[in-house]
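Q: I'd like to ask you about the structure that follows.
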Amino acid sequence: MKKSGRKEKRKNDNIYAIENVYEECKKILKKSKLVKHVEKIKLETPKERINADLAIPCFSLSKKPIELALKLAEFFNKYKGKRLIKKAEAIGPYLNLQINYENFAKNVIEDVIKMQEYYGARNEGGGKIVIIDYSSPNVAKPMSIAHLRSTIIGQSLYNILTFLGYRCIGDNHLGDIGTQFGKLIVAYKLWGNKDRVEKEPIKELMNLYVRFHRESNERLEELARDYSKKMEEGDEEALAIWKWIVDLSKKEFNKIYEMLRIKFDLELGESFYLSMTKEVIEDAIRKGIAKESENALVIEFEDMPSLLIQRSDKGSLYQTRDLATIKYRKKRFDFYKCLYVVGSEQKLYFKQLFKAAEMLGYIKKDECVHVDFGLMRLKEGKLSTREGRVILLEDLIKNAIELSKSLIKEAKNEEEKDEIAKKVGIGAIIFNDLKEDRIKDVVFDWEKALSMEGDSCPYVQYACVRAKSIIEKYGREISAKGLKFKNLEEEEKLLIRRIADFPKIILIAANSYKPHYIAQYLLDVADAFNKFYEKHKVIGSEKEKERVAIVKAAYITLKVGLKLLNIELPEKM
């Protein structure tokens, strides 16, 4: 089990090189006395064709934005205290700024080399607790590609928020209770074979479940209801079979979690909260928000359908267990946020759930967040869903590893090749998902995901491996001391600017709960690094020390970014 909240080296003052540039800009703007509310001004990154590093749009600052931009440019250029801003220019209603790269580059490289694997980290969270509910498959059912998105989005958010000083608690809220268990117990008792189930648990349990539905009749349904009730009443035989099924399922799930390097701090499951549902019903009645409807209890809302919290037969409901879960989590952990990484199709349900939890007094508004995402499907072809069958996650992972072997050129032996292929293949699966805005549906295309060109994980990994080989070839300690970044080439400037943006990108990803900002950023850094490397000699050049330091900074940035996305870096490719 992974420990949360461990102490890490973080930049205490939370100011990185690019933020020093912003601070200098705002300081000069204040000195000009031409602009009110300087703290609200947003600095933008202009399009690449414009000869500027930063831009301030003046539309919202004055009724005469063109005139204001001209006055500000004049003030900036005359101001003597500039260190990081080299030049200002008014282009229409925009104030365009050029960075003084001689000073700025030194600051960026110093930041990265000083912070190493903590570059971009900060104590933004201050130890505040964030619970992340992710993966959460149903027991006795196979993990399919539908479970992949929750699992890897959740783990990456865990990594990102921990990096920013939050104390994260990952909870695999297993679906280990419900009417399906009564059916499964009946099916096992009638047709099950213990040895076969223990040999291939998920496959055999699914076969039993399917057979129950195929042969279903009123007698079987009644037996299933009886066993469900027996479980809730604590019947020893029913609970023993149930626990056996849960334990077997967990072992199978853990094989996949191990392959994907997914870890959790809690794995209590829905069943843990079963005994607490009575309290939820009592709370709802006491607060006067439970309404009777056809002998059942519901919570009504002004702008949404009502939420059923107790059936007419007084049986347990998953929504009541979910309310009990929120109450327990808040009481035990006093969380700052509780994130539910669940598909967009559950959007209405989570609105109802969180509103009900607020009405019950368990949480305040916005303490629980539904981190929703679109569907995932495979492109037509091998392992496609055309046949209508469930695509097992384990099959997807194994196939990705096998296909990755064709990309590897530098392995010494088959064992090393297998290890590299594992990192490349699994990285490709993760990156293919995380490079897209989570709200969008994702298509898994083997050819694109495993391509060495363009927007793929192997492209980023290869840039990182290439940078590492340059550092190893240099073979000496790399320090920021005494470096002089005079007359930088355009490719050097672009790469330094990209590296400088990393702390800001991490914050954006964390605040929006969208890891794709980091994935897209890594593609930009890899692209900038490749352009720099293809055009400029590093080892043996006149600027060897400076260029090696830039390569080192790029390597650290790419490696840290991949780690935040839960992707391993192969030693070779």
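The values are calculated or read from the model by the stated rules, or taken from the named source; none is laboratory data. It should be emphasised that the depicted structure is a prediction, and the values quoted were computed from it without experimental measurement. Cβ atoms come from the backbone with ideal geometry, glycine included; neighbour counts cover every protein chain shown.
Q: If residue 487 satisfies all but one of (1) more than 30 Å from residue 418 (Cα to Cα); (2) modelled with pLDDT under 95; (3) of a type outside the set (Asp, Glu); (4) crowded, with 19+ Cβ neighbours inside 10 Å, what's the number of the condition it fails?
A: (4)
Q: Another question, then. For a quick check of your reading of the model, give me the residue pairs whose first member lies in region 214-229 and is part of a helix (DSSP H, G or I), whose second is among the polar types (S, T, N, Q), with beta-carbon atoms closer than 8 Å and at least 6 apart or on different chains.
A: That search, which allows pairs on different chains as well, returns 224/179; 225/179; 228/179.
Q: Tell me, yes or no, whether region 455-476 has at least one residue that is touching a helix residue (DSSP H, G or I) at 6+ places or on another chain (Cβ under 8 Å), free of Cβ contacts under 8 Å to residues at least 60 places away in the same chain and in a loop (DSSP other than H, G, I, E, B).
A: Looking for residues that are touching a helix residue (DSSP H, G or I) at 6+ places or on another chain (Cβ under 8 Å), free of Cβ contacts under 8 Å to residues at least 60 places away in the same chain and in a loop (DSSP other than H, G, I, E, B), one finds at least one in region 455-476, hence yes.
Q: Of all residues in region 292-312, which are of a type outside the set (Val, Ile, Thr), surrounded by 14 or more Cβ atoms within 10 Å (Cβ to Cβ) and assigned to a strand (DSSP E or B)?
A: Passing the criteria: 296, 297, 307, 308, 310.
Q: Do the conditions hold for residue 97, that is, is it buried (at least 17 other Cβ atoms within 10 Å of the Cβ), touching a residue at least 12 places away in the same chain (Cβ under 8 Å) and outside any helix (DSSP H, G or I)?
A: On the way: buried (at least 17 other Cβ atoms within 10 Å of the Cβ): yes; touching a residue at least 12 places away in the same chain (Cβ under 8 Å): yes; outside any helix (DSSP H, G or I): yes.
Taking the combined requirement at face value, the residue satisfies it.
Q: I'd like to verify a number: residues in region 399-416 that are of a type in the set (S, T, N, Q) and surrounded by fewer than 15 Cβ atoms within 10 Å (Cβ to Cβ), how many? I'd like the intermediate steps shown before the answer.
A: First, pick out the residues of region 399-416 that are of a type in the set (S, T, N, Q): 399, 404, 406, 413.
Subsequent filtering for residues that are surrounded by fewer than 15 Cβ atoms within 10 Å (Cβ to Cβ) retains 406, 413.
Number satisfying all stated conditions: 2.
Q: May I pose another question? Working only within region 195-231, note down all residues that are under 15 Å from residue 249 (Cβ atoms) and among the charged types (D, E, K, R). Walk me through how you get there before you give the answer.
A: In the first step, residues of region 195-231 are kept if they are under 15 Å from residue 249 (Cβ atoms); the result is 197-209.
Answer for region 195-231, where residues must be under 15 Å from residue 249 (Cβ atoms) and among the charged types (D, E, K, R): 198, 199, 200, 203, 204.
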